[in-house]
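The values are calculated or read from the model by the stated rules, or taken from the named source; none is laboratory data. Computed from a prediction, not measured in an experiment: that's the story for all the values here. Glycine also receives a Cβ, built like all others from the backbone with ideal geometry; neighbour counts cover every protein chain displayed. Areas reflect the complete protein model, heavy atoms only, side chains present, ligands, DNA and RNA absent. Shrake-Rupley method; radii C 1.70, N 1.55, O 1.52, S 1.80 Å.
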Amino acid sequence: MSPALFSVFMDGLSQALTKTGVGCSINGTMANHLAYADDMVLLAPSVAAMRDLLAECGKYASRHNMKYNPDKSEFMVMEAANMPLAVPPLVLDGVQLRRVYEVKYLGHILLSSLKDHRDVERQRRAIAVRANMLARRFAKCSDDVKRQLFLSFCTCVYTVELWSDYTCAAVGDMRVQYNNAWRALFRLPRWCSASAMFAKGRAPGWAALLRARSAAARRAIYASSNTLLSAMREWNGSPLHERWRTYHKPSCHHGVGATRLVNIKF
């Protein structure tokens, strides 16, 4: 019952934040907070707006005998051309928040520069660890078993469909690691053709995996009635949509944006 009861408990805060009318615009839709379990993110276009949202959080906590976790609450300023050199302090429930330039939200690494190279590196390391483990423990298994292990453990590249701003070098290293994971599992030489080994093994290559994951995410967004996802669906010029379109042709396009974000832990 705990997740359901917590959602009911936090619904009042969500409604209070929405009623402020303060937040960022996503293709014409106002968004000022995201909540998942006990992890909430506030979004605001300015320091003054963020202070209004934090004040609303403080009032709600006072009314409902709730405490925020100051050790896990922090703020990040997204980089922009007109970003001030100094940012005034932000206070939540009497505690000054510390500024960070990198935050891990629901497993995905966000940078103040809005670039994805740190999250790409996170996934590259994760695939390397899983591939080495599989190659060591299942060396004597049949090819069919190894193939299924690879599909289960090495193609689940978490949030790969959300990468929109990265360099060709970063994703190139990721592609090499993905190919080497298959080679390590099947004990193939480094010089063997990647396209040939995946075709023979009936497994998706890196480009095919990107297309499949982005297509699945697009289908989910188009099938959802969520307000924010509907705004994303209509924003065809967003960096994410532009990146998805490039998966069908070579490109190194970069997308940028600006907003302010606060991550609050309860």
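A few comments on the model shown:
- Around the amide H of Leu92, modelled in the peptide plane, lie the amide H atoms of Leu97, all under 5 Å away and 5 or more residues distant in sequence or on another chain.
- Electrostatic bookkeeping for Leu149 treats Lys and Arg as +1 and Asp and Glu as -1; over the other residues with beta carbon under 11 Å from its beta carbon, the sum is +2.
- The chain, helix-only ellipticity at 222 nm - DSSP H runs n ≥ 4, -39,500 (n - 2.57), divided by all residues, nearest 500: -15500 deg cm²/dmol
- Axis of helix 168-186 versus longest Cα principal axis of the chain: the two differ by about 50°, to the nearest ten degrees.
- Contact order relative to length of the chain, as percent, for alpha carbon pairs under 8 angstrom and 6 or more apart: 28 percent
- Given +1 at the Cβ of Lys and Arg, -1 at the Cβ of Asp and Glu and no other charges, the dipole of the chain around its Cα centre is 1300 debye to the nearest 20.
- Of the beta bridges in the chain, as assigned by DSSP with both residues counted there, near 90 percent are antiparallel.
- Accessible area per residue in Å² at 1.4 Å probe, computed on the stretch 182-230: 61 Å²
- Under 15 Å, Cβ to Cβ, from Ala4 - net charge with Lys/Arg +1 and Asp/Glu -1: -2
- Interchain or long-range residues, amide H under 5 Å from Ile26's placed H: Ala31
- Here's the picture: charge each Lys and Arg Cβ at +1 and each Asp and Glu Cβ at -1 in the chain, and of Phe6, Ser193, Ser224 the one pushed furthest to the positive end of that dipole is Ser193.
- Candidate values [x] 18.3, 59; [y] 20.9, 76; [z] 21.6, 65, label of the one derived for Rg and Dmax of the Cα atoms in Å: [z]
- Amide hydrogen neighbours beyond the local backbone of Tyr105, cut-off 5 Å, H modeled: Leu110
- Net charge of the neighbourhood of Gln177, taken over other residues with C-beta under 15 Å away and scored Lys/Arg +1, Asp/Glu -1, is +4.
- Rounded to the nearest 10 degrees, the angle from helix 206-223 to the longest Cα principal axis of the chain is 40 degrees.
- Rounded to the nearest 20 debye, the dipole magnitude of the stretch 1-73 is 180 debye, with +1 charges on Lys and Arg beta carbons, -1 on Asp and Glu beta carbons, and the Cα centre as origin.
- Tally of Lys pairs whose C-alpha atoms are under 24 Å apart, taken over the chain, 8 or more apart or cross-chain: 18
- Counting only DSSP beta bridges with both residues in the stretch 54-129, the antiparallel share comes to about 75 percent.
- Selection from Leu53, Trp244, Leu106 lying farthest towards where the dipole of the chain points positive, charges on Cβ: Trp244
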